[in-house]
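Below is one structure, written out as structure tokens, with a few remarks after it.
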Amino acid sequence: QHFGPEVHIDVFEKGEVGGRLATITVNHNDYESGGSIIHSLNLHMQEFVKQLGLKYRRNVAGKMAVFNGEEVILEETDWYLLDLFRLWWRYGISFIRLQMWVEEIMEKFMRIYKYQGHGYAFSSVEELLDSLGGSGFINMTRRPLSDSLLELGVSQRFIDEVIAPVMRINYGQNVSIPAFVGAVSLAGAQNNLWAVEGGNKLVCSGLLKMASANLLKAQVNSISPIHSGDSLQYQLSFTTATGTASELYDIVVLATPLQAGVGSGVHFQGFAPPFDELPGTYHSTVATIVHGYLNTSFFGFPDPRLFPFASILTTDTPDLFFNSVASVCPVNISAGFRRKQPQEAGVYKVFSPQPLDKSQLKTLFRSYYSVQVTEWQAYPRYGSSQRLPPVELHPNLYYLNGIEWAGSAMEMSSVAAKNIALLAYHRWNRQTDMVDQRDLMHRIKTEL
């Protein structure tokens, strides 16, 4: 869109297009095994769906509960006012304080769409966050969520019984994760969520086609800077099914985590100073898709017909071997579709830190027909690195996944991608007045 039709784009993908957006087939239906929810204020994802002519998946209602290993301690009912009253009775005004805090952060974050709409870019994640929420946003990437919430006046009980379960299902981690990551996660726990009919990964394959990008099924092995007079290019050596090859590029964008243990397989050769892996590690989350009968007795409901919940979240309890279990709907929902009742065989997604063994499956399910396991290096292990990774690794060599250390979500990656597209364009054309500008809200008003 910025460079014009002359630009030639090659995309290297060693696996499936979509990465952590993926589906799995059970009984002739496809189910999301990776990233599955998008917030209604995620404007880039919304715009992609519109541009690509995709459809929103029909929402199928289902109630949620929180389980502490012994009993259900919090449950959703059919009556919104009753739910509100119960929250107030148990936690006081903690949930109102939390709501206001998340909304204030979201409101500031929404400025990014205005900035990017006017073509402004940022050379680092810190600069981007600073332009949205000042030093407050940057500090939120460095202090624990629990500290920020306690300071707000949110009760410890609310943190343990409501916030911790949300962090466990979204990031597989506890309330010591950074406050900004926590806010992104809590925004994704609201009601106004959606998904793409046919699977969220269709956005990725659709955008590739729309960009007229040349997709190469290949593993990139190394990147080397090649100097010729004043000009700098990068040599990429890669392996395809037919053998190894190399190619020269003016601009390179890395859209895969470069931390140890993720296995990008990319080596940097001939850089001064040398660099290879970035600090920190990724968190392993196991998604197990089970077709079977949920053991509702485990949750305190001996008669499955009386079990009213579609999803169960869990508190941070040492003995619990799973983070959540939920009845899931296929990516294509027909007009007559209804969620299976707990006494019927249904499809469930279990998130856990480790693969489930036979006895654990037997604890959660009375019996089952099939089990499919996907182990994801799903998101950063927050706290394993103290600083946010760079966006510019070297002139015209950009790194997208650094934004995940501020918050890992489809929209965060979309914001980072748009930022890099703008940054690469401005750097190429030496338009310094469009990068890292101060007081952008005021500047944009005066432009208008």
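The values are calculated or read from the model by the stated rules, or taken from the named source; none is laboratory data. Small disclaimer: the values here were computed from a predicted structure and weren't measured. Please note: Cβ atoms are built from the backbone with ideal geometry, for glycine as well, and neighbour counts cover all protein chains shown. Keep in mind that these areas ignore ligands, DNA and RNA; they rest on the heavy atoms of the full protein, side chains included. Shrake-Rupley method; radii C 1.70, N 1.55, O 1.52, S 1.80 Å.
In the chain, once you exclude exposed trypsin sites (Lys or Arg not before Pro) (DSSP loop, at most 13 other Cβ within 10 angstrom), what's the longest stretch remaining? Walk me through the numbers before you get to the answer.
Details: sites that count: K55, R142, R338, R430, R438.
Result, exposed sites excluded: 143-337.
Counting only other residues whose beta carbon sits under 11 Å from that of L216, what net charge do I get with K and R as +1, D and E as -1?
Details: positive: K14, K217; negative: D10, E13, E247.
Residues close to L216 contribute a combined charge of -1.
Please tell me which of these pairs span more than 27 angstrom C-alpha to C-alpha: K55/K418; K114/K349; K55/K340? Don't skip to the end; give the middle numbers.
Numbers: K55/K418 22 Å; K114/K349 37 Å; K55/K340 24 Å.
The answer is K114/K349.
All other residues with a Cβ under 10 Å from the Cβ of G133 taken together, and with Lys, Arg as +1 and Asp, Glu as -1, what is their net charge? Working shown, then result.
On the way: positive: K108, R111; negative: E104, E107, D130.
Net charge around G133: -1.
Students often forget the sequence filter, so: which lysines lie under 22 Å Cα-Cα from K217 once same-chain residues fewer than 8 apart are removed?
Of all the lysines, those that pass the test against K217 - Cα under 22 Å, at least 8 places apart if same chain - are K14, K201, K209.
Might you report the magnitude of the Cβ-based charge dipole of the chain about its Cα centre, with Lys and Arg at +1 and Asp and Glu at -1, to the nearest 20 debye? Intermediate results must be reported in sequence, preceding the final value.
Working: 36 positive and 42 negative charges, 185 e Å.
I would put it at about 880 debye.
Along each of the three principal axes of the Cα atoms of the stretch 272-355, give the extent in whole Å, ordering the values from largest to smallest.
Projected onto the principal axes, the Cα atoms of the stretch 272-355 cover 65, 37, 17 Å.
Can you give me the accessible area per residue for the stretch 11-447, using a 1.4 Å probe, in Å²?
Working: 20790 Å² over 437 residues.
So the stretch 11-447 comes to 48 Å² accessible per residue, rounded to a whole number.
Would you list the membrane-span-like helices of the chain, meaning whole DSSP H runs whose alpha-carbon atoms span at least 20 Å along their axis and whose mean Kyte-Doolittle value is at least 0.0? Could the numbers behind the result be given before it?
Numbers: long enough: 94-109 (23 Å, 0.14); 410-428 (27 Å, 0.26).
Helices meeting the span and hydropathy rule in the chain are 94-109, 410-428.
For the chain, what is the mean residue ellipticity at 222 nm derived from helices alone (per DSSP H run of n ≥ 4: -39500 (n - 2.57); sum divided by total residues; nearest 500 deg cm²/dmol)? Walk me through the numbers before you get to the answer.
Working: 12 runs with 130 residues, N = 448.
For the chain, the value works out to -8500 deg cm²/dmol.
How large a share of the accessible area of the stretch 11-447, in percent, is made up of carbon and sulfur atoms when the probe is 1.4 Å and the other protein chains stay in place? Could you put the intermediate results ahead of the total?
Values: 10980 of 20790 Å².
Here it works out to 53 percent.
Let me know the Kirkwood hydrodynamic radius for the stretch 20-89, please, with Cα pairs as the basis and the value in Å to one decimal. Can you show the working numbers first?
Numbers: mean 1/r = 0.0631 Å⁻¹.
Kirkwood radius, the stretch 20-89: 15.8 Å.
So which residue, out of E411, E151, E107, gets the largest mean-square fluctuation from a GNM of the chain using Cα contacts under 10 Å as springs?
Greatest mean-square fluctuation among the candidates belongs to E151.
Mind checking the log10 I(q)/I(0) for the stretch 346-405 at q = 0.16 Å⁻¹? Debye, one equal scatterer per Cα, no solvent, two decimals.
Log10 I(q)/I(0), no solvent term: -0.69.
When averaged across all projection directions, what area in nm² does the alpha-carbon convex hull of the stretch 11-447 cover?
23.2
DSSP loop (so not H, G, I, E, B), at most 15 other Cβ within 10 Å: list which chymotrypsin sites (Phe, Trp or Tyr not before Pro) in the stretch 22-83 pass both filters. Please report the intermediate quantities before stating the final value.
Details: sites: Y31, F48, Y56, F67, W79, Y80; in loops: W79.
Answer by residue number: W79.
For the chain, modelled as a Gaussian network with Cα springs under 10 Å, which listed residue fluctuates most, D230, D316, D357?
Maximum fluctuation in the GNM of the chain, among the listed residues, is at D230.
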